[in-house]
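The values are calculated or read from the model by the stated rules, or taken from the named source; none is laboratory data. Note that the structure is a prediction, hence the values are computed from the model and not measured. Quick reminder, even Gly has a Cβ in these numbers, built from the backbone with ideal geometry, and neighbours come from all protein chains shown.
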Amino acid sequence: MKNLKILLVDDEVEFVTTLAERLRLREFQTEISADGEEALNLFDASVFDVIVLDVFMPGMSGFDVLKELKKRSSNIPVILLTGHGATEEGVEGMSLGAFDYLMKPIDIEELTEKINAAVKGNK
Amino acid sequence: MNNKKWGERLSKRFLQSTGDKDSPLHYQTLRRNITILMLLVTIIPLIFMAVINYLEYKSNLKSEIINPISILTNKTVHSIELYMEERLSTIRSIASFYSFEDLSDEKTLSRIYRVLKKEFTGFVDLGIIDENGMQISYSGPYELLNKDYLQQIWFQEVSIKGSYISDVFLGYRQFPHIAIAVQQFEPDGHAWILRATIDTDKLDNIIAAMGLDPESDAFLVSGEGILQTHSKFCGNVLEHCKLNIPMGSYRSQLIEEKNILGKDVLIAIKHFAKQDFALVVVKPKSVILKSWYALQGEMLLIFIISISIIIVVVLKVSNMLVKKIREADERRELAFRELEHSQKLSSIGRLAAGVAHEINNPMAIINEKAGLIKDLYQNTSDSEKTIKLIKIADSIIGAVGRCRNITHRLLGFAKRFDIELEMLSLNDVIIEVMGFLDKEALFRKIDIQLDIDEDLPRIFSDKGQIQQVFLNILSNSMSAVKDGGKIIIRSWDEDVSRVGASIKDNGCGMSKETLAHIFEPFFTTKKEYGTGLGLPITYGIVKKLGGDLIVKSNENEGTDFTIYFLKKSKTE
């Protein structure tokens, strides 16, 4: 299942660009966004298979983005990246409709597994 | 207002000791003060009551005991007076009815004498005495005819007063008697006297009729203090009374108490109206106050019993009270210490969480960068440098992984647990947790034995938290034992409210110093691998669920963790 199109959203540019590069090496297509609003615009403009979304961001948080997505009655799978509340944040995100969550720092293999699972589950 | 202040000061003074609160001396002082205070407030009123009662009873009883004696004395005096008056009026009547000549006739006199003897008791004889004091006619058992009474006092007195009742005297016949004489005048002017004597037996009888007890005494005494009747303690008839009876101007009833005749006595004196006589009743106090003494004894007994009961009760109560206070103090102290401990934990936790969160983001970057290096150079060349670079990247990723473990644990430590209660089987939780560690145990050949109570009741608690508890303790045990070591897990029904579980290993154990610190955050013996948060978290969870965690350990012998869970956990 290659050539999936992933939208990566995280305010830590260094992190998100590196992650994108690594995913590209694993034959994913990626687009990156450093904040929630930009991500929503990208989402509106293009078609993605999976969104990888950081929870803790200045301005729109990951949860806000998730809510907006649900408003657009989108059922695109979202994988949350949590940093600080760990489990609780993950659980809260899942209740908002996220597919799964990962705690930072992440393991790339785990992420690709979850992406594949999300796409499979969605199809 | 003043009273309140005073009370406060008193209670302060007594109930707060200056000693250190934790010292046993503090409670000893407290107990002593409570005891003294309680004894004072109970015994003082009791003593007051007892004294007042005593005095009240004493005065009441005395008047009740003394009154009958004086009434009896009065009655007896009255009887005697009546008796004498009756005899006197009889003699007077005879003197009026008959003329001197009639009575001078021996036959008439002896007939009258016989009638008198028959109709009236007490008459001994009857005689007529002319104005020269010569007994010219006599009827009676003695030979007293022609006796001359001119020089006798009674003769003088009857000549002046017209009638006379003598004191008891012996007279010519040498036998105690009383003379009654009445003077009568003939139409020609010459006087004569009708005289009768009465024996004193009748007076003794009247006195005996008072029905006094054997220890008491009653007698008649004349104005000169001469006994007129027989006395048990004060002498015989006509002897001088051993008691000093106040006479003379004292014409009224008198009651006195004196210490005489070797004992305390009560003396009732009633003077006669017409004669210089007094009836004296002597009663020993011990007899009169017998009932009083009995009552006194009973009162004393009751008093002593009540005091003893009060003392026993006060001692018991103050002991109990101080024990309760002490227990409450200890509980408060413990609660305070626990609160302090949990506050310390939570503030450390918050700080740690902040640090962990800030470190997480750069860690993520390092992780991705190192990952990228690995991704870029993997499978590109077999050159030594490439291989080394990949190795370096791997070790960076490994180090980040360790950091992640630490930060995640720190975050876990800091987070506020929301307890979700459900019915669960402790045994199932234990078995689930063992599942996580099966592989390691298999690999290290650690023998994990299960000795669980199959009938263990289900408990109402938080499954996730209990899992965490067992996971933490089991991990500790696993790291304590050597390869091939042994861990025994047990569960049992402790009591109505608790179930128990224990995890016992034969590992390295802990020294006393280590044991004292194991629940403190960041205390670790694992040096590189431990965060020092596992057991504090475990302890916190168990406490939050209302349970208890007890650790026993001997160095080089092993460690035994015993955990108690409430069957129904607290929701807070």
Completion exercise
When B:ILE165 is run through (1) in a helix (DSSP H, G or I); (2) of a type in the set (Val, Ile, Thr); (3) within 28 Å of B:ALA273 (Cα to Cα), the failure sits at (1)
Practice task
State all residues of region A:10-46 that are buried (at least 16 other Cβ atoms within 10 Å of the Cβ), polar (S, T, N, Q) and in a helix (DSSP H, G or I); if no residue qualifies, say none.
Solution key: A:THR17, A:THR18
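Within region B:414-423, is there a residue that is over 25 Å from B:PHE565 (Cα atoms), at pLDDT below 80, loosely packed, with under 14 Cβ neighbours inside 10 Å and within 12 Å of chain A (Cβ to nearest Cβ)?
Pass one, region B:414-423, residues over 25 Å from B:PHE565 (Cα atoms): none.
Within region B:414-423, none of the residues are over 25 Å from B:PHE565 (Cα atoms), at pLDDT below 80, loosely packed, with under 14 Cβ neighbours inside 10 Å and within 12 Å of chain A (Cβ to nearest Cβ).
With B:ILE387, B:ILE365 as the choices, which residue is surrounded by fewer than 17 Cβ atoms within 10 Å (Cβ to Cβ), over 17 Å from B:SER491 (Cα atoms) and at pLDDT 85 or above? Quick ask: steps written out before the conclusion?
Values: B:ILE365 fails: surrounded by fewer than 17 Cβ atoms within 10 Å (Cβ to Cβ).
So the residue among B:ILE387, B:ILE365 that is surrounded by fewer than 17 Cβ atoms within 10 Å (Cβ to Cβ), over 17 Å from B:SER491 (Cα atoms) and at pLDDT 85 or above is B:ILE387.
So that you can scan it fast, the table gives a plain yes or no per residue for (1) over 30 Å from B:LYS544 (Cα atoms); (2) within 60 Å of the chain's Cα centre (by Cα):
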site: B:GLY297; (1), (2): yes, yes
site: B:PHE303; (1), (2): yes, yes
site: B:GLU327; (1), (2): no, yes
site: B:PHE336; (1), (2): no, yes
site: B:GLU340; (1), (2): no, yes
site: B:ILE348; (1), (2): no, yes
site: B:LEU376; (1), (2): yes, no
Problem - Matching residues in region B:171-200 - criterion: being exposed (fewer than 15 other Cβ atoms within 10 Å of the Cβ) and charged (D, E, K, R) - result: B:GLU186, B:ASP188
Completion exercise
Expected single match for in contact (Cβ under 8 Å) with a residue 40 or more places away in the chain, of a type in the set (S, T, N, Q) and closer than 30 Å to A:THR18 by Cβ among B:ASN319, B:ASN360, B:ASN367 is B:ASN360
Completion exercise
Conditions (1) in contact with a strand residue (DSSP E or B) (Cβ under 8 Å, 6 or more places away or on another chain); (2) within 18 Å of B:ILE198 (Cβ to Cβ); (3) among the β-branched types (Val, Ile, Thr) -> B:THR121 fails only (1)
Fill in the blank from the handout: When region A:90-111 is checked residue by residue, the ones that are more than 10 Å from chain B (Cβ to nearest Cβ), surrounded by fewer than 21 Cβ atoms within 10 Å (Cβ to Cβ), of a type outside the set (A, V, I, L, M) and under 18 Å from B:ARG404 (Cβ atoms) are A:GLY90, A:ASP100, A:GLU110
Problem - Pairs where the first residue, in region A:25-37, is among the aromatic types (Phe, Trp, Tyr) and the second is exposed (fewer than 15 other Cβ atoms within 10 Å of the Cβ), C-beta under 9 Å, 6+ apart - result: A:PHE28/A:LYS2; A:PHE28/A:ASN3; A:PHE28/A:LYS5
Exercise for the section: Grab the strands (runs of 3 or more DSSP E) fully contained in region B:226-321, keeping just those with 3 or more residues being surrounded by fewer than 13 Cβ atoms within 10 Å (Cβ to Cβ) and modelled with pLDDT of 85 or more. Expected result: none
Fill in the blank from the handout: When region A:1-47 is checked residue by residue, the ones that are within 11 Å of another protein chain (Cβ to nearest Cβ) and among the hydroxyl-bearing types (Ser, Thr, Tyr) are A:THR17, A:THR18
